[in-house]
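Working notes for the structure below.
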Amino acid sequence: MLIDSHCHLEYDGLIEEQGEVLKRARSAGVQGFLNISTKQSEWDQVVGTAAREKDVWASVGIHPHHADDHAELDIDALRTAVTHPRVIAIGETGLDYYYDKSDRKIQQDLFRLHITVARETGLPVIIHTRDAEDDTAAILEDELGRGAFPALIHCFTASSEFGRKVLDLGLTISLSGIVTFKNAKELQEIAAELPEGRILVETDSPFLAPVPHRGKTCEPAFVRNTAEFVSELRGVTVEELAATTTSNFFKLFSKAAA
């Protein structure tokens, strides 16, 4: 059993044939999907898919690319959204200084707002970080000092130093198809050494299709390719990696287990 811990089922490339996309993934052994939102206007649709499909869960949040459009986001709107029984996580949120599509201070403020709700509810916060390691780590350290909350760095591509830091802070790390790319040697070394209890796999579909599907629209079925690659890096069978990552998923996203 595999779980795609991060996919965008409402995005172009998947939404047009969502039923067939899910069918293909199930045939590949994927038995769970966490459907991620990136802006408030997506929340109802993302939650609706999770309500309709028994093996799909939802996460609600604001991606840093859309931070400027949500500078006045009402924290109570997020608090209300996460009460839905199919919403098991908060995000994705975080910091993206690579594209800088939104003001960095607004990104930081929204990141902290998501963390506040995560702390209040016990739901994990799903973190996107790109070219923002120092500020991401600083905010995490500061906010954890105010009280514990569960969190995940999704689509990990950062440095080994940042990886050690977030592991020391108690976070989980999720690997996407990027780990299969030929030029991802440092990431592959990190993936081989991640603690067994802190690793998940994802697609981030419709983006980042793993080898051998590079250049294609990524879809949740391809999480098997990533799992197979990572299992070889770690010297275990794909069945063992699937069991580990599935167990880790339900430990982190305990509302899904319940």
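Looking at the stretch 147-186, which of the residues that are of a type in the set (Ser, Thr, Tyr) and not in a loop (DSSP other than H, G, I, E, B) is farthest from Arg112 (Cα to Cα)? Only one residue tops the list, namely Thr180. Those strands (runs of 3 or more DSSP E) of the stretch 1-119 in which 2 or more residues are charged (D, E, K, R) occupy 87-96.
Figure legend. Inter-residue proximity from the stretch 231-258: first residues surrounded by 14 or more Cβ atoms within 10 Å (Cβ to Cβ), second residues in a helix (DSSP H, G or I) and of a type in the set (Asp, Glu), beta-carbon distance below 8 Å, spacing 6+ or different chains. Indicated pairs: Ser231/Glu240; Val238/Glu228; Thr244/Glu196.
Within the stretch 165-178, residues that are without any contact (Cβ under 8 Å) to a residue 40 or more places away in the chain have Cβ atoms under 7 Å from residues that are polar (S, T, N, Q) and surrounded by fewer than 24 Cβ atoms within 10 Å (Cβ to Cβ) in these pairs: Ile178/Thr157, counting only partners at least 6 apart in sequence or on another chain.
One residue stands out in the stretch 107-116 among those that are in contact (Cβ under 8 Å) with a residue 40 or more places away in the chain and crowded, with 24+ Cβ neighbours inside 10 Å: the one that is farthest from Ala58 (Cα to Cα), namely Gln107.
Scanning the stretch 125-145 for residues that are crowded, with 16+ Cβ neighbours inside 10 Å and not in a strand (DSSP E or B) turns up Ala132, Glu133, Asp135, Thr136, Ala137, Ile139, Leu140, Glu143, Leu144.
Considered as a group, the residues in the stretch 146-180 that are among the small types (Gly, Ala, Ser) and closer than 18 Å to Gly122 by Cβ include one that is surrounded by the most Cβ atoms within 10 Å (Cβ to Cβ), and that residue is Ala151.
Read the figures in this text as sums done on the coordinates, not as results from a lab. No experiment lies behind these values; they were computed from the predicted model shown. Positions of Cβ are backbone-derived with ideal geometry, glycine not excepted, and every protein chain shown enters the neighbour counts.
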